[in-house]
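The values are calculated or read from the model by the stated rules, or taken from the named source; none is laboratory data. Note that the coordinates shown come from a computational prediction; the quantities given were computed from them, not determined experimentally. Cβ: placed from backbone, ideal geometry, glycine included. Neighbour counts: every protein chain shown. Remember, those area values only see protein heavy atoms, side chains included, never the ligands or the DNA or RNA. Shrake-Rupley method; radii C 1.70, N 1.55, O 1.52, S 1.80 Å.
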Protein chains: 2
Amino acid sequence: MERADLLVVHASELLALDHGRPGPAVGKALDDLRIIPDGAVAVTGDRIAAVGATAEINARYTASRVLDAAGRVVMPGFVDPHTHLVFPATREEEFEMRCLGKSYEEIAAAGGGIRNSARKMRGARREDLLARAKSLRRMTLLHGTTTIEAKSGYGLSTESEVLSLEIAREIDDRGDVVPTFLGAHEVPDEHRADRGEYIRIVTEEMIPRVAALGLARFCDVFCEKRVFSIEESRRILVAARTAGLGLKLHADELNPTGGAELAAELRAVSADHLIRVSDTGIRAMARAGVVAVLLPATSYFLGMKAFAPGRRMVSAGVPVALATDLNPGSSMTGNMQFVLTTACLGYGFTVAEAIVAATLNAAYAVGLGEEVGSLAPGKRADLLVLDVPRYRLLAYHHGVNHVATVVHHGEVVA
Amino acid sequence: MERADLLVVHASELLALDHGRPGPAVGKALDDLRIIPDGAVAVTGDRIAAVGATAEINARYTASRVLDAAGRVVMPGFVDPHTHLVFPATREEEFEMRCLGKSYEEIAAAGGGIRNSARKMRGARREDLLARAKSLRRMTLLHGTTTIEAKSGYGLSTESEVLSLEIAREIDDRGDVVPTFLGAHEVPDEHRADRGEYIRIVTEEMIPRVAALGLARFCDVFCEKRVFSIEESRRILVAARTAGLGLKLHADELNPTGGAELAAELRAVSADHLIRVSDTGIRAMARAGVVAVLLPATSYFLGMKAFAPGRRMVSAGVPVALATDLNPGSSMTGNMQFVLTTACLGYGFTVAEAIVAATLNAAYAVGLGEEVGSLAPGKRADLLVLDVPRYRLLAYHHGVNHVATVVHHGEVVA
């Protein structure tokens, strides 16, 4: 018998998601959870040692700690590959303005939105920012998110952007918070008259500084009408690539600007949002293997009308992932379970497709596809025990936190 | 000093909702929470003794138990005035069929939907039905629902409808579960060839039996194209009224059939759904004082396209309430907080309007407006302590259960 530190046994359905080859799930593979009935996982240290039927695992391993998951689903922890976790204040007054009829773009044009947060960021105290981000991170963990991307982008000055990324690092010492530099989230108030100067600061000051400090894994740009153009986005991303950062792009969210095509051209790891993506952009992403990070909770929170063409992207062979977009303006939720339900309804995904998109493919969207996102030997032991007997209930019965237990780095943390 | 059993003090915002006169909140009153900053509530037995500023309440009362709500919002418990709490099985396979493109009506026409539940109901064991309903009721309580309506309607036979209502009674011995008879939810398989015979059974057997046993406070009918016509609905409701039951109506949900007009004609307590309500229907409801029970979570769960004209109803002077519609087909959630967010987004309600609709007006929709729904002296001590400092966060920050403490009948229950 081999020794393990933890066994999780008798899962009614164990969603392994282990396709036995590297890379995200594309096409029909997206709908394949690799379910093991009466399944079990053996954990040694912070790693998955083995996955299989409970009878097999019990025959092979003993462990000091055993979790009985009878009647419950076990699955990999959620990976949330697109959040704006570090922000200075909530913006509930803008939410109400939107409900009463103002559009997100009107609010932004009037100095609200990201610039509103940026002004508050400048006056924020480090300890308050840290406390808020920690509290939100804890909340997402309790809802099953074991790995989370976190963008800067409310600082919009070198000092304040660096501070945001330092906070992302400070809430995490084990690589679960993937930091992305998003200095090009908006042009701040003081540079509205000379946007070229702000882009110069982003490319010549912020990016080199952030890269030198090792504060970010990715660089992202909000490529959008009235924010950063395709040409500006390209300049910024090329500078980031030169500095050694991976690339992401807010693409084609509110208007079709060719963001998906740009992401494909630059071999970005992901292009995100994509509500208005063109067919050309979809084909380009499929060819380049760019992960489409879809944000259905944002569609919901912006008024429930427009959804990205998720089904068309899956059919075209684009690897599709899901994220919350947690941020104080357009998606004030960190709950990936809500994202699953809304993805099924908004994109016509099966529950299985939504789950694979929110775990395995999401891991590839943050460059961690070989580390997390499925229950496979050697991967980090990040897994959830869900208080439902069949996996479809996770998306179908919504508005409830179904996560009964979170195992993170091999430890039961919630 | 007076003695109280419980004091809740130092609420950052105490939402009293006490308008000082009977009746639901209509028009501008819907947007008025009657907020008391640094507010407090004194509770004696199961009743609210006093509501006011903390300084006043502390000067007047002592109590053995004091809850400090500093930094937190205190509000009345939610009243959920439209649920189908007693059902035999979840229907997640139909959810997925809908996500993949089938409509709710197509699934129903093929024998799914309500008839699917009815078939399963006939084979269900009483203890399983009770356990499921109890578990769902507990879940709704933990999410802040202190009073909940519960309809029968998956039995569709006298015996099975009576069983459903007995279960609603069995999970509650204090009047928090308001039972509604909904035998006319669908025509069951065995009567599809002779619907007249089923209506005869509803009016001549079920209604008298349910009334004689005191099992229901209201009678409801699913008035809808291909379900029960206006004429059939009228017959059933008139029989119910004769038997002493209050009236409710599923009206104008998927097609405009004149349900709102019928509800007004019969002075129903509420008309529910109303996605396709006519302007004539709105005016008739306003004149008759029929509460419009709106179900935004159902719009979400049926694909996020069509919402009832909530704003138009408010402007027309209709008293508007909100409910989850918790049921296994078209709204698998019991979370009133999600309903608030979706109501703001779908109807253009302010957060305050949504809160008043989900408490005070919802109480009137189940005939309990003088008993629960606001924090007023003499009312039942049903209140929530929310883990947010400002009330707008309750709807804005969604996907999280903000209920920190539930006081129910004067007792801290969660």
* To do: Among the candidates B:136, B:100, B:142, B:129, single out the residue that is in the same structural domain as residue B:292 (by TED's automatic domain parsing) and within 16 Å of residue B:330 (Cβ to Cβ).
  => B:136
* Positions within the stretch A:35-50 being part of a strand (DSSP E or B) and in contact (Cβ under 8 Å) with a residue 60 or more places away in the chain, in sequence order -> A:35, A:41, A:43, A:44, A:47, A:48, A:49, A:50
* residue B:17 fails exactly one of the following numbered conditions: (1) outside any strand (DSSP E or B); (2) open to solvent by 10 Å² or more (accessible area, probe 1.4 Å). What is the number of that condition? -> (2)
* Positions within the stretch A:1-50 being on the phi < 0 side of the Ramachandran plot and among the charged types (D, E, K, R), in sequence order -> A:2, A:3, A:5, A:13, A:18, A:21, A:28, A:31, A:32, A:46, A:47
* Taking residue A:271, is it within 13 Å of residue A:260 (Cβ to Cβ) and in contact with a Leu (Cβ under 6 Å, 6 or more places away or on another chain)? -> yes
* Can you pull out the helices (runs of 4 or more DSSP H) entirely within the stretch B:147-262 that have at least 2 residues that are modelled with pLDDT of 95 or more and charged (D, E, K, R)? -> B:158-170, B:195-200, B:230-242
* To do: Please find, within the stretch A:325-342, the residue that is surrounded by the most Cβ atoms within 10 Å (Cβ to Cβ) out of those that are within 12 Å of residue A:358 (Cα to Cα), within 9 Å of another protein chain (Cβ to nearest Cβ) and touching a Leu at 6+ places or on another chain (Cβ under 7 Å).
  => A:339
* Asked: When you go through B:249, B:294, B:274, B:322 one by one, which is the residue that is touching a strand residue (DSSP E or B) at 6+ places or on another chain (Cβ under 6 Å), crowded, with 24+ Cβ neighbours inside 10 Å, at positive phi and away from chain A (no Cβ under 12 Å)?
  -> B:274
* **Every residue from the stretch B:152-175 that is open to solvent by less than 10 Å² (accessible area, probe 1.4 Å) and charged (D, E, K, R)** => B:161
* Identify all residues within the stretch B:354-401 that are part of a helix (DSSP H, G or I), of a type in the set (Gly, Ala, Ser) and touching a Pro at 6+ places or on another chain (Cβ under 6 Å); write none if there are none. => B:362, B:365
* **Selection status of residue B:4, part of a strand (DSSP E or B), crowded, with 17+ Cβ neighbours inside 10 Å and at pLDDT 95 or above** => yes
* Wholly enclosed helices (runs of 4 or more DSSP H) of the stretch B:279-351 bearing at least 3 residues of a type in the set (D, E, K, R) -> B:279-288
* Is it true that some residue in the stretch B:347-360 is within 9 Å of another protein chain (Cβ to nearest Cβ), of a type in the set (S, T, N, Q) and touching a residue at least 12 places away in the same chain (Cβ under 8 Å)? -> yes
* Is it fair to say residue B:106 is touching a helix residue (DSSP H, G or I) at 6+ places or on another chain (Cβ under 9 Å) and of a type outside the set (A, V, I, L, M, F, W, C)? -> yes
* Asked: Does residue B:310 meet the test of being open to solvent by less than 10 Å² (accessible area, probe 1.4 Å), more than 9 Å from chain A (Cβ to nearest Cβ) and within 27 Å of residue B:154 (Cα to Cα)?
  -> no
* Structure fact -> Log entry, pairs with first residue in the stretch A:112-137 being open to solvent by 60 Å² or more (accessible area, probe 1.4 Å), second being outside any helix (DSSP H, G or I) and β-branched (Val, Ile, Thr), beta carbons closer than 6 Å, six or more apart or on different chains, reads A:134/A:171
* **Given (1) within 23 Å of residue B:301 (Cβ to Cβ); (2) open to solvent by 10 Å² or more (accessible area, probe 1.4 Å), index of the condition residue B:269 fails** => (1)
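Residue by residue, here is whether (1) within 30 Å of residue A:161 (Cα to Cα); (2) over 27 Å from the mean Cα position of the chain (by Cα) holds:
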position: A:37; (1), (2): no, yes
position: A:47; (1), (2): no, no
position: A:51; (1), (2): no, no
position: A:64; (1), (2): no, yes
position: A:67; (1), (2): no, yes
position: A:78; (1), (2): yes, no
position: A:89; (1), (2): yes, no
position: A:105; (1), (2): yes, no
* To do: Confirm whether residue B:41 is in the same structural domain as residue B:12 (by TED's automatic domain parsing) and under 27 Å from the mean Cα position of the chain (by Cα).
  => yes
* Structure fact -> Cβ pairs under 9 Å, 6+ apart or interchain, first in the stretch B:157-179 and closer than 19 Å to residue B:365 by Cα, second of a type in the set (Asp, Glu) and modelled with pLDDT of 95 or more, ordered by first then second residue, are B:174/B:46; B:175/B:371; B:176/B:382; B:177/B:149; B:178/B:149; B:179/B:149
* Asked: Of the residues B:413, B:406, B:400, which single one is more than 27 Å from residue B:26 (Cα to Cα), facing chain A (nearest Cβ under 9 Å) and out of contact with any Asp or Glu (no Cβ under 6 Å at 6 or more places or on another chain)?
  -> B:400
* Look through A:26, A:51, A:9, A:43 and report the one residue that is modelled with pLDDT of 95 or more, open to solvent by less than 70 Å² (accessible area, probe 1.4 Å), β-branched (Val, Ile, Thr) and in contact with a helix residue (DSSP H, G or I) (Cβ under 7 Å, 6 or more places away or on another chain). => A:9
* Kindly indicate whether any position in the stretch A:62-84 is polar (S, T, N, Q), in contact (Cβ under 8 Å) with a residue 40 or more places away in the chain, more than 14 Å from every other protein chain (Cβ to nearest Cβ) and out of contact with any Pro (no Cβ under 8 Å at 6 or more places or on another chain). => yes
* Asked: In the stretch A:86-102, which residues are within 8 Å of chain B (Cβ to nearest Cβ) and small (Gly, Ala, Ser)?
  -> A:101
* Taking the condition among the charged types (D, E, K, R) and crowded, with 22+ Cβ neighbours inside 10 Å, does residue A:149 pass? -> yes
* Please work out which residue is farthest from residue A:390 (Cα to Cα), limiting yourself to the stretch A:20-34 and to residues that are of a type in the set (D, E, K, R) and in a helix (DSSP H, G or I). => A:28
